[in-house]
Amino acid sequence: MSPEDKQIAARAALWNLLNITLLPGLAFALLVMLARLHWQHGTPWVRGHVRGAVATSIWSGVLLVAVSALLVWGIGWDQPATWVALILYFTCCHSALILFSLYAWSRAAAGKAMRYPWPGLKG
């Protein structure tokens with residue numbers, strides 16, 4: 001395990017973390033650029049971190065946007081219960097995604113493999 005491998009994996013995890021916290025969109029674009037360079041990386045755990053970070057960013061967007069839209073559609077925009085459910089869901093889900101991304105970043109920085117729980121990922 002080379003220092004360059006650790007740096008690539010940690011950078012992918014960090015771009016994912018920044019995408020769901022401080023720099024949404026911009027960090028995702030940088031993550032995709034990094035993923036295009038290292039999608040077929042020779043080291044399996046680096047490849048897993050890069051692909052897992054992209055999948056985590058995509059699933060984060062789906063979970064936060066689609067489920068929030070379903071709550072608004074299902075309960076109704078003008079109901080107080082909608083806002084209670086939205087605030088609770090968004091806060092809990094977003095916090096869980098941030099904690100998960102921090103864990104993935106720590107694993108990548110330590111040079112350890114990570115099993116991402118998202119559908120469609122192998123390994």
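Coordinate-derived values only; no laboratory data. Just so it is clear, the structure is predicted and the values come from calculations on it, not from any experiment. Using ideal geometry, Cβ is built from the backbone for each residue, glycine included, and neighbour counts are taken over all protein chains shown.
A few comments on the model shown:
- Residue exposure proxy: Trp15, Trp39, Trp77, Trp45, ordered by other Cβ atoms within 10 angstrom of their Cβ from fewest to most, comes out as Trp77, Trp39, Trp45, Trp15.
- Here is the size of the chain from its Cα atoms: Rg then Dmax, 16.1, 55 Å.
- In segment 1-64, the alpha-carbon atoms span a convex hull of 68 Å³ per residue.
- Helix-only [θ]222 nm of the chain, DSSP H runs n ≥ 4, -39500 (n - 2.57) each, per residue, nearest 500: -24000 deg cm²/dmol
- Of the DSSP H helices in the chain, those that are both long (alpha-carbon extent of 24 Å or more along the helix axis) and hydrophobic (Kyte-Doolittle mean at least 1.0) are 80-109.
- Taking other Cβ atoms within 10 Å as a rough exposure proxy, Phe100, Phe28, Phe90 sort from fewest to most as Phe90, Phe100, Phe28.
- Residues Asp78, Asp5 arranged by fewest to most Cβ contacts within 10 Å: Asp78, Asp5
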